[in-house]
Every structure is written in structure tokens, then in C-alpha cells.
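Below you'll find the structure I mean.
The values are calculated or read from the model by the stated rules, or taken from the named source; none is laboratory data. Keep in mind that this is a model prediction, so the values were computed, not measured. In this analysis, Cβ positions are derived from the backbone assuming ideal geometry, glycine residues included, and neighbour counts consider all displayed protein chains. Heavy atoms of the whole protein, side chains included, go into the accessibility calculation; ligands, DNA and RNA do not. Shrake-Rupley method; radii C 1.70, N 1.55, O 1.52, S 1.80 Å.
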Amino acid sequence: MGAATKTGYADVLVGLQFGDEGKARIVDHLAAGYDVIARFNGGANAGHTIATPSGALRLRQVPSGVLHPGVALYIGSGCVVGLQQLASEIAMLAAQGISLEGRLTISDRCPLVQPRHVLADRRDGARIGTTGNGIGPCYADLAARMRGAERVAFQLRDLWCDEGRVFELMTRLASQADDDDEAIAAMVDGMRHAWRVVRPFVTNDAVALLRRVEAGARVLFEGAQSVMLDVVHGVQPWVTSSHTLPAYAYVGGDLPCRYHRKTIGVAKAIVSRVGNGPLPTELGGQRSEAYCAAAAHAGRGRADEAASHDPLKLLAEADAFSTGVAIRMLANEYGTGTGRPRRVGLLDVAQLQRAIQQAGVDEVYLNKCDSLAAFSHTPERCIPVIVAGEAGSASQRVLQFPAFAHGSIPTDAASPLPPQLEALLAWLAHAIGRPLRGIGLGPERAQMRLLEPNQQTTP
Ligand code: IMP
């Protein structure tokens, strides 16, 4: 028997590149059309930024629909919970006048990130360039379950049952891996306090979201990281440790997949990646990768680059590495959580086509179109776009589109787009075979432009 017509549905939104495509601002934009915004994967490794009139709001675990008071928020069992980070996020939002009471629900099946996981990630994650939040070791322990005679994984529901015992076991497990007992005790103590803040939001109802959908709720699942960082389909070991493909929304989001309606992909007009691993179209190639890794290690970021470089001069040099630094500065490509410089690359349409096909994407939003204006300062005054083959390989094909000046980007919704951008977007929609629903022309909420159906190229 099919779902009754009165029931709700779910859409899934995922990033199509290497993370940081600006998913949160699209979720924020779409949120009013949904009743629930839900997370299904990852944890405090996600850094989601939404521009607000009172400054940027930085979220890590709370779903990005938070600015819409009528929208409920759900953290599904596929997410790992960092208690202290979640408690401080709740406090940060409360300080801004945003109460989550009665709005946020967290599955009690969520695995708990333990001090041991954070310590192990900080020790072993550097080669991958992880965010250091203990996410990988937490998912690993969930699968391992036991070490010798000891349980190594705990879910929020274990804290409900016997928090004293769980905190004691976590302390012991951490001490076996690290001899800084004082630091471990402080971490566990922080978790005890944080649990008091988080506990009221936790539900033991495994069908809490399903009930709402059966009653008519419209759900938007918000993916963290991106399809290229999927633990199985990304390039090991330079991936995150959860499943990022949209099908996983129904496993980690606690809803039967029969309620799926459509899949929304978010990409950006220049590509970026934090941490190590392949970024085939990286401007400056290995030099950029090594430079960004060293900067992350030394804690150098935005301020250091701003103090040492003039981006317009770098763009005039006609050197790929310099162009990458300049675009990072102009497009503000620095990690949300960590402040690390992101590695910057050209738009890779071949990669986008594969991601759209594999993830079954129905429609696309393209952020950071304004950052393409940087190419008007290069000697060629052209926007290079990779359309086939591996970057640097003999099979690689690059198309050059005429650049447009930053000054020609409209500041109001009524003014037309620069014709060069219009042409590029029409070509792109045709190339990916999916409609482009909206584009980002700057970080502010008002700088998101929806495209009229006649501006979209549908297959
Ligand atoms: P982890 O998820 O902290 O284990 O990190 C594994 C890889 O995923 C690293 O390359 C991280 O930089 C990357 N990563 C994790 N979360 C994000 C994100 O929200 N945006 C972009 N990259 C991320």
C-alpha cells in the first residue's frame, strides 16, 4: 500500500563537491517551505555558516533551519554527538535570542563522541587533515563495539540509562590511550555539564520523525560534508567517516525511504577543499596543497594572507598558484570551524556531472558566482572551466568563458545579471542536464538569486 496522500515527504540536500559549497545558506533560504530540517550524518566536523543582519551565524551540529522559528529541527541517529560543542552551540543560539526549546529533537541512538576519540583524532588525523573533532574514531568504535571485555561505543541512550557508569568507562578508556589524566578528567567533567543541557532534547522514540511525516510534515534533510567525501565512494583515506550520499539520509535520518520526493545539489562556481587528498583542478597543484597544509599546521589563515598579499597584484601575475591565493582571499575561502586556508580549484564540470548522476540530483544551486569576477583581473580576462578529463592529463579539456567585472554584479534582485555570467550559467545547466534553481552572488541573504524557469535550462 502506498503512502496516504495526506502524508508529508522529504527532500534531501547535499553538497556536490568537497564540502563548504554553502549548503547552509541554501537550507536557510528554503527552510520556510518545510516543517522540519534534519541532519543525518557527521557531527561537529561540519561548519555551516549563515549570514544574518547581526553577523555570521556558525553552526556545527544544529540544523541550519534554526533562524526560522516555525521550523522544527531534528538530529538523526546517523549523527555523532559532541556533547560540549552541542551544549555551547545551544548556549550561543540562546544568547542570540534563539531558543531551541520545543523545536530541537535529538535521537537517543546518536553515538557519543568520547574524549578518547578526540585524542585519537588529534593524534592520527593530521595526515588526512581531519577537523580533529573525534568523528572518525567515534564511528570506528561504533562498528568495533568491544575491545577485549569492554564496550567501546556509547549512544545517548546509554547516558539516559546510567550516566555515572558511562562517564566512568569513558574516563578509563581515555586513560588507556593517553596519560594526561588531568586533561581527560576536565573533558569528562565538561561532558557531564553539557549532558544536562543536551538531555532535555533527546528522544527515545525511534519513529519520532516518521510520526511527523505521517501527520503531513515536509522534511528537508541537510547533508554535511559532501558526496566527494563519502567514506566509501570518496578517495580513501582522504574522506570523512560517514556516508554523505543522499540515500543515506533515510538511514541516518530515521525515516523510511518511501517518503523521498527530490534531491537538491549544492555546488559552487569555484571549488575548494580543506585537508589533504585529491583536488584535481587545484590552482597551483601540489604547491598549493603543501602551502595550505603548512599554513593549517602553523595556524596561519586569513589575517596572514591579507597582511602579505594584494590579491589584484597576484591575479596579474598569470601564475596558477598566485591566482589560487588571490581567489581564496577574495572569495573568503577559509575553514568555518578551523580557520584553515582552503585549497582552491577551477570549476570541474566533469566531476559535477558524475556527482549529479551518482547522487541522483534533480536540481542544483550554484554558490559563489560572484567570485568568478576575479578572473577579470587576469591577463586573459577569461574564466577557465574544466569540462573533461583529469586536470593536467592529456585528456583534459578546458573551456574559456569571457570574464565579467565585479562591478557588473547586480546589487538588487531586479537588475539583470552580467551577460557573460548569464551565458556561462545557461551553458552549465545544459551541460549538467539539470535546472539551476538559484545562484549565490555574495554571502548575504539578499545576494541569493532565484532563477526564473525561463532562465533555467532543463534537459
Ligand atoms: P573529519 O570529518 O573531521 O574526519 O575530516 C575528514 C576530512 O573531511 C578532512 O579532509 C576534513 O577537512 C573534511 N571535512 C570534514 N568536515 C568538513 C566540512 O564540513 N567541510 C569541508 N570539509 C570537511
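With the full set of protein chains in place, find how many percent of the accessible area of the chain is carbon and sulfur; take the probe as 1.4 Å.
Within the chain, the accessible surface is 54 percent carbon and sulfur.
Then there is this: Working from Cα positions, state the angle (0 to 90°, nearest 10) between the long axis of helix 135-144 and the longest principal axis of the chain.
For helix 135-144, the angle is close to 50 degrees.
Okay, next question. Starting from the Cα gyration tensor of segment 67-183, multiply each eigenvalue by 5, take the square root, and state the resulting semi-axes largest first in whole Å. It would help to have the intermediate numbers written out before the result.
Working: eigenvalues 151, 57, 38 Å².
Its equivalent ellipsoid spans semi-axes of 27, 17, 14 Å.
Tell me the Kirkwood radius of segment 282-345: reciprocal of the mean inverse pair distance over distinct alpha-carbon atoms, in Å.
Across segment 282-345, the inverse of the average 1/r is 11.4 Å.
If one computes P(r) from the Cα atoms of segment 346-450, what percent of pairs lie at distances over 19 Å?
In whole percent, the share of Cα-Cα pairs in segment 346-450 beyond 19 Å is 46.
Another question, if that's okay. Report, ordered by chain and residue number, the lysines lying within cross-link reach of LYS6, taken as a straight Cα distance under 22 Å and ignoring same-chain residues fewer than 8 apart.
Partners found: LYS262.
Report the Cα-based extents of the chain along its three principal axes, largest first, to the nearest Å.
65, 56, 43 Å, listed from the longest principal axis down.
Could you calculate the FRET efficiency of HIS406 with ALA320 from 1/(1 + (r/R0)^6), where r is the beta carbon distance between them and R0 is 30 Å, rounded to 0.05?
E(calc), rounded to 0.05, equals 0.90.
If amide hydrogens are placed 1.01 Å from N in the peptide plane, which non-local residues have theirs closer than 5 Å to the one on THR105?
Answer set, sorted by chain and number: LEU73, TYR74, ILE75.
Can you give the Kirkwood hydrodynamic radius for segment 78-145, in Å, rounded to one decimal and based on Cα pairs?
13.3
Say the dipole of the chain comes from +1 at the beta carbon of Lys and Arg and -1 at that of Asp and Glu; which of GLY324, LEU30, ILE409 then lies farthest toward its positive end?
LEU30
Using only Cα atoms, what is the ratio of the radius of gyration of segment 115-200 to 2.2 N^0.38 Å?
Details: Rg = 12.9 Å, N = 86, 2.2 N^0.38 = 12.0 Å.
Ratio of Rg to 2.2 N^0.38 Å for segment 115-200: 1.08.
Next question. For segment 30-128, what is the convex hull (Cα atoms) projected area averaged across all directions, in square nanometres?
About 7.2 nm², averaged over all directions.
So, R0 is 25 Å and r is the distance between the beta-carbons of VAL398 and ALA426; what FRET efficiency does that work out to, to 0.05?
In this case the efficiency is close to 0.85.
If you don't mind, there's one more thing I want to ask. For the chain, with every protein chain kept in place, what is the accessible area per residue (1.4 Å probe, Å²)?
On a per-residue basis, 42 Å².
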